[in-house]
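Here's the structure we're looking at; comments come further down.
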Amino acid sequence: MTTGADGVHADVNYIRNRPGPGEPPLTFVSEAEENSTMQTLPGERTWIANARGGGATLAKEGFQLVAHRSAVTALNNIELEPEANNTYTTELCALIEDITGAARTFALGGAKQRFSESATEQLAPLKNAKPARYPHADNTDASSAGQIKFFVEDLHGLKLGDYRRVALYNLWRCLSDPPQDAPLAVCDARSIDPADEVTITAITEVLGVGEMRHDTTSYTHNAAHRWHYFPDMRRDEVLIFKTHDTDPAHPKRVAHTAFDDPRCPAGTHPRASAEVRVLALFD
């Protein structure tokens, strides 16, 4: 991918205390981060390139910006509006089919809203709604396999053996007007070495469900990582990035993290976003 000369230097909060052999996985406690066992500070000053116009694709870097205008008008409260949530996730499943050629898709739950930390009023009624401030991918190989089996075989009664490939995607939309104070950075999957990966057990509260534990992937610093972002995202754009893929010919997962954009003016309204995770089956 080619990028313009512009971009920003910002801190990326990599894992600093990788566990030794036989030690338990590190934890991230979303509702009480002070109880997390992972250590990520101080961050590493990192170049994050402007990816607009760079031609990034799901098949190469593992992420892609696409145009998509939602028919849902109540996006600001999407997580708390069941009917709108269902419409929205159905739209994004159809988008994945259009973009990737998948034969079938399923939303892995509803839309999840997030707000940068200064949005105290919006954060109050939600759970796990702050942006994650460390590089991570939403799954590990093992947790992906369990999630795929549950949704494909246990929940929908299909046979995984009938499909040549299964992929998981995250579809991320900015709901606040540009500029965004805490945009999302994504890392070119080709620049990640498997040795950089660290398993993190995310312990989080799910609205209406309670505590959930799910193994995710985080990363230690590597100067070879190539980070990118799409500044000034609009509501009619969706950033799609890979979170798992069973076909080794495709990028497996994309590290991503929120960061403070140093070019954003002081006093800018808090970033608001919504994400949906989608499972895709390929004939």
*Stretched out fully, how many nm does the piece from T120 to E211 gain, at 0.36 nm a residue minus the Cα gap?*
30.6 nm
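Report for the chain the percent antiparallel among DSSP-assigned beta bridges with both residues inside it, nearest 5. Walk me through the numbers before you get to the answer.
Values: 54 of 61 bridges.
The antiparallel proportion sits near 90 percent.
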*Let me know the charge dipole size of region 38-158 about its Cα centre in debye, to the nearest 20, where only the beta-carbon of Lys, Arg (+1) and Asp, Glu (-1) is charged.*
380
*Compare the peptides 98-105, 235-242 by average per-residue count of other Cβ atoms within 10 angstrom and give them in order, highest first.*
235-242, 98-105
*If contacts are Cα pairs under 8 angstrom and at least 6 residues apart, what is the relative contact order of region 59-157 in percent?*
17
*At a Cα cut-off below 18 Å, give the aspartates and glutamates reachable from K149, other chains included and same-chain residues fewer than 8 away excluded.*
D138, D141, D162, D215, D245, D247, D283
*Label W47 and A67 with points 7 Å out from Cα along Cα→Cβ: what is the distance between them in nm?*
3.1
*Determine the distance separating the Cα centre of region 31-72 from the Cα centre of region 161-186; give it in Å without decimals.*
8
*From a point 7 Å beyond the Cα of A142 in the direction of its Cβ, which residues of region 220-246 have a backbone N at a distance under 19 Å?*
220, 244-246
_Which lysines, if any, have their Cα less than 19 Å from the Cα of K112, not counting same-chain residues under 8 positions apart?_
K127, K130, K242
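Give the relative contact order (percent, whole number) for the chain; include only Cα pairs under 8 Å separated by 6+ residues. Intermediate values should be presented prior to the final figure.
Details: 656 pairs, mean separation 90.1, N = 283.
Normalised by residue count, the contact order of the chain is 32 percent.
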*Go ahead and run the numbers for FRET between E83 and R104, Cβ-Cβ distance against an R0 of 30 Å, rounding to 0.05.*
0.85
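Just so you know, all these numbers are worked out from the coordinates, no wet-lab data involved. Every value quoted in this text rests on a predicted model; they were computed, and no experiment measured them. A quick note on method: Cβ atoms are made from the backbone with ideal geometry, for glycine too, and the neighbour counts reach across all protein chains shown.
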